[in-house]
Amino acid sequence: MESGDGEVVSNKQVIFKDYVPGVLKESDMYITTSTIKLKVPEDCTNGVLVKNLYLSCDPYMRNRMRKLQGSYIAPLNPGSPVSGRGVAKVLDSRHPDYKKGDFIWGMTGWEEYSLITATETLFKIHDKDVPLSYYIGILGMPGLTAYAGFYEICSPKKGEFVFISAASGAVGQLVGQFAKLLGCYVVGSAGSKDKVDLLKNKFGFDDAFNYKEEMDLDAALKRYFPDGIDIYFENVGGNMLDAVLLNMRLRGRISVCGMVSQYNLEQPEGVHNLMSLVPKRIRMEGFLVYDYFHLFPKYLDMVLPYIKQGKIVYVEDTAEGLENAPAALIGLFNGRNIGKQVVAVSRE
């Protein structure tokens with residue numbers, strides 16, 4: 001199919017209905033089909049028209065479905081397609097940096113074809129010796145999140161004790177492997193036996209546990225870290241953070257990447273053990289990956305050889321077809337996914 005003549009094709013889309021205060025449901029999104037001309041309009045300077053191949057499901061997307069004031073990322077528009085990161089193939093371009101046939105990753109729509117006008121969010125894919133879907137995972141935002149959150153925020157040293165929550169997810173699985181490559185002692189928590197097995201057997205964590213089976217998280221952490229925790233990579237918040245605060249070592253560091261346990265709550269849970277920060281001189285710092293995009297080339301130089309040498313593995317959970325995207329997104333919040341959640345819209 002050539003896009004030169006500006007052929008009009010049907011375009012399946014996932015539409016976001018309206019802002020959701022409580023628990024996100026599949027019915028908060030719906031599938032529709034519209035049409036799109038496979039040509040960038042004349043008046044759309046720098047626009048790029050793409051065919052979407054892979055879409056990313058990320059926990060932060062939940063917060064774009066609320067009417068949050070002053071959030072770091074704009075809310076979604078009710079009645080419009082969901083937007084998020086994806087990998088796509090360029091079909092037509094009025095942008096000097098992208099030409100027909102290029103592959104890109106960046107912000108796109110949850111639809112078969114997208115006209116992207118905010119091209120400043122796009123990155124061109126140069127290395128195609130790895131799966132293209134990796135560019136919304138290990139070679140995209142989650143990868144850079146793990147890299148910045150671990151190395152830049154935590155200043156890790158060989159031999160330190162590292163704990164990671166939601167450790168089999170898109171970011172956690174990488175933090176654990178980076179820590180092991182550095183020579184740290186690494187334990188992760190996850191929500192199922194399969195995930196715990198994955199952490200120990202595939203990702204090489206020293207140990208792992210299923211938090212759902214632990215009645216007392218403080219006691220569990222004392223079992224795995226009898227000498228305490230130097231670095232905590234925070235992905236969940238809530239009770240886990242409270243227990244970790246009691247088990248941090250002197251001058252420990254907590255890198256706050258996210259708090260997925262809180263995203264569906266109308267009233268967030270309180271944290272009771274913050275006083276631990278004072279006597280233990282703990283540094284707890286939140287971060288956004290956007291502040292570290294300048295490190296992207298440095299990160300790729302580090303991670304691509306590791307992937308090709310088999311020193312880092314990456315597990316993806318792929319939902320086939322755009323119509324399964326809403327269920328895949330919801331699944332993030334009840335732990336259905338194992339690894340990075342991807343939606344395959346088209347495999348080329």
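The values are calculated or read from the model by the stated rules, or taken from the named source; none is laboratory data. Just so it is clear, the structure is predicted and the values come from calculations on it, not from any experiment. In this analysis, Cβ positions are derived from the backbone assuming ideal geometry, glycine residues included, and neighbour counts consider all displayed protein chains. These accessible areas exclude ligands, DNA and RNA; they are computed on the full protein's heavy atoms, side chains included. Shrake-Rupley method; radii C 1.70, N 1.55, O 1.52, S 1.80 Å.
Worth a mention:
- Of the residues making up the range 236-260, those that are open to solvent by 30 Å² or more (accessible area, probe 1.4 Å) and either at negative phi or among the polar types (S, T, N, Q) (or both) are 239, 246, 249, 250, 257, 259, 260.
- Only one entry in 246, 288 is at pLDDT 95 or above and over 22 Å from the mean Cα position of the chain (by Cα), namely 246.
- Among the residues making up the range 303-348, a single one is under 20 Å from residue 86 (Cβ atoms) and of a type in the set (Phe, Trp, Tyr): 314.
- Of all residues in the range 71-120, those satisfying the criterion of being free of Cβ contacts under 8 Å to residues at least 40 places away in the same chain and under 26 Å from residue 30 (Cα atoms) are 71, 73, 74, 83, 84, 88, 105, 106, 107, 118.
- Residues in the range 1-31 that are open to solvent by less than 50 Å² (accessible area, probe 1.4 Å), modelled with pLDDT of 95 or more and polar (S, T, N, Q): 11, 13.
- The single condition among (1) open to solvent by 20 Å² or more (accessible area, probe 1.4 Å); (2) not in a loop (DSSP other than H, G, I, E, B) that residue 178 does not satisfy is (1).
- Filter pass, residue 91 being more than 21 Å from the chain's Cα centre (by Cα), open to solvent by less than 40 Å² (accessible area, probe 1.4 Å) and at pLDDT 95 or above: yes
- Taken over the range 181-196, the residue count meeting the criterion of being more than 21 Å from the chain's Cα centre (by Cα), on the phi < 0 side of the Ramachandran plot and open to solvent by 20 Å² or more (accessible area, probe 1.4 Å) is 4.
- Matching residues in the range 215-235 - criterion: being open to solvent by less than 40 Å² (accessible area, probe 1.4 Å) and either among the acidic types (Asp, Glu) or part of a strand (DSSP E or B) (or both): 229, 230, 231, 232, 233, 234
- Residue ID - farthest from residue 10 (Cα to Cα), chosen from residues in the range 40-77 that are open to solvent by 50 Å² or more (accessible area, probe 1.4 Å) and among the polar types (S, T, N, Q): 69
- Filtered residues of the range 135-164 (kept if assigned to a strand (DSSP E or B) and surrounded by 24 or more Cβ atoms within 10 Å (Cβ to Cβ)): 162, 163, 164
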